[in-house]
1. Once you average over the residues of A:31-41, how many Cβ atoms of partner chains fall within 10 Å of each Cβ?
2. Which value in deg cm²/dmol, rounded to the nearest 500, describes the helix-derived mean residue ellipticity at 222 nm for chain B, given -39,500 (n - 2.57) per DSSP H run of n ≥ 4 and division by the residue count?
3. Which helices of chain A meet both criteria: a Cα extent of 30 Å or more along the helical axis and a mean Kyte-Doolittle score no lower than -0.5, with helices taken as whole DSSP H segments?
4. Please check: in the Gaussian network model of chain B (C-alpha springs, under 10 Å), which one of B:293, B:116, B:85 has the largest mean-square fluctuation.
5. Which whole number of Å³ per residue matches the convex hull of the alpha-carbon atoms in the protein assembly as shown?
6. Looking only at region B:109-133, which residues have a backbone nitrogen under 17 Å from a spot 7 Å from the Cα of residue B:151 in the C-beta direction?
7. Scale the Cα Rg of chain B by the rule-of-thumb value 2.2 N^0.38 Å and send over the ratio, two decimals.
8. Of the heavy-atom accessible surface of region A:215-277 (probe 1.4 angstrom), what whole percent is carbon and sulfur?
Amino acid sequence: MTPPRSFQIRRSRRMLDAATWAAATLSFAGLAFVLLHLLGYVLSKGLPAMHWSLFTQDTQGIAGGLRNAITGSLVLTGFALLLAVPVGVSAGVYLAEHGDGWIGKITRFLSDVLVGVPSVVLGYFGYVVMVIGLGWKFSLLAGSITLAILMLPYIARTSEMALRALPSALREAAYGLGCPESRLVWRILLPSALIPILTGTLMALAIALGETAPLLFTAGWSNYLWTGHFTQEGVGYLTYVIWSFIGEPYPSAHQLAYAAAFIITFMVLIINLSARLLLLRRR
Amino acid sequence: MAALLPLSLLAVAVFLFLSAWPAIQFNGFAFLLHSNWNLGNMYADPVTVHGVQVLPRANYGVWFLIVGTLLTSFLALLFAFPLGVFAAIFLAEGLGGPARTLGSFLIELLAAVPSVVFGLWGYLVLIPALGHTVYPWLADTIGRVLPWFAEPTGSGYGLLTASIVLAIMVVPLITASLRDAIVATPTALREAGMSLGATRMEVLRRVILPGQKRLLVGVSILALGRALGETMAVLMVSGNALNSLPHTIYDPVSTMASFIASQLDSAMQDPTGMAVSALAQIALLLMLISVAVNALARGLLWMSGYRQ
């Protein structure tokens, strides 16, 4: 039985609704398709290119393995993390606990601005200051410091948010028991906010691992395993292999690029996923 | 130690400026407005102009970079905005519970994929597909009416391809923030709309979205800022034009960010160091533009009450 005519929604309104739904569904489906196609493509090209020798051999020209690049990527981001976490977390502590004055406001604003500075600009800064100015040449330290600057605002922001979310009763109780501020931060606030801070740090790590542009100017490239020198010596990394080797006309170079894309993409995705799961489990 | 965060930003600005100073002296501001990037004669003795040493016939006009950067970014935003808004509508209104979490996760993963992998995918998948089938078809249909879309369609590297890749990269930003805003709309507003006889989509169009105007503008500008500074993906699909402006939407372009990356090798060969300084000038310019764009976006988002 059809409802009385006056209760029916006019056709033009129904059409517009249907069009909106259709556009919404199509947009989402299109984006999901692009993501799945991209991941599928990297998987289908990368898996056949994977080989044990990738992990045991260094790059020789445009062939060989990726041992130097894999370790290089890890060492570069590892040192960057080592530099960025203390600075970022302490900035977060400052902003959360004392950040309501004008210094805090300016710091927060500058931190937001730093997120917006293109990574290639940071890379060029690293090049003129560290590679040329300080005479470090293409090196691990120049690359790691540049990546650390890139990660800083993300870590500071998540630490601040995590600490602000803690109830002020925690602070009052600690002060009530005669706790000095340093002890409050180290023994109470940071341990309680550990998981969200860790999540933010992991997200920043994923971003740094996937970066190329800032490293082109600072880390350079090397066909050899990292020798333990912090300056004067270039370091290889995976994203360089993808960019540079795919443009070569040789199949062996392409295989290395596919393998590097496979390794870096799934490393980044796994880090991203574990960060999200960490946060979900806590809820 | 917390002071190192703002100090690092100031250090970036100051040192880029110092490094760009010789080029600023040599170029003045005219370099912004002409398209003539030429490192000069590498084998000749340097000459002194305006008190700084340069190679003979060196010229650093970057108009084509400014045009390329703005065109790719605005075009990318043009694609990303409707796509992002509709995808957010689908996630917020069409899905609920775990399905929404999963759907949002898929879109947000797009933001996690490294830029160089987008470049690889664009280079190997998008360029052949667009260059061989889509672009000739576009030229044959729209191209008959609009000269921008007319032949020649080229090989697939160019403005439109770069914009499409950029659009995919910045979409998650728009989708995620709008989805959160729609989900967070007070139920009373929805109920009030429904009780007046509006359908679900009408409530969305007439009540919810108008309330999010500031957020949408702010987040779009944020996305624009992201697109302006994107390097690797653009470098791999844009065709890297030198000193030429695009005449059709398929023509090769260069952006400031991708140009810095592609020109460093040759700039290092310049014995006077002026080419390195000129690239620093581009980096400084790019930084100023993106800082201004970001500050604007943050201001708008702050006014709309949204904070990431």
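The values are calculated or read from the model by the stated rules, or taken from the named source; none is laboratory data. Predicted model only: the values in this text are computed from it and were never measured. Note: ideal-geometry Cβ built from the backbone for every residue, glycine included; neighbour counts use all protein chains shown. These area figures cover heavy atoms from the full protein model, side chains too; ligands, DNA and RNA do not enter into them. Shrake-Rupley method; radii C 1.70, N 1.55, O 1.52, S 1.80 Å.
1. Across A:31-41, the average partner-chain Cβ count within 10 Å equals 6.
2. Per the formula, -19500 deg cm²/dmol.
3. A:11-49, A:67-98, A:140-164, A:251-282
4. Residue with maximal mean-square fluctuation among B:293, B:116, B:85: B:116.
5. 196
6. Answer for region B:109-133: B:131-133.
7. Taking N as the residue count of chain B, the ratio is 1.17.
8. 66
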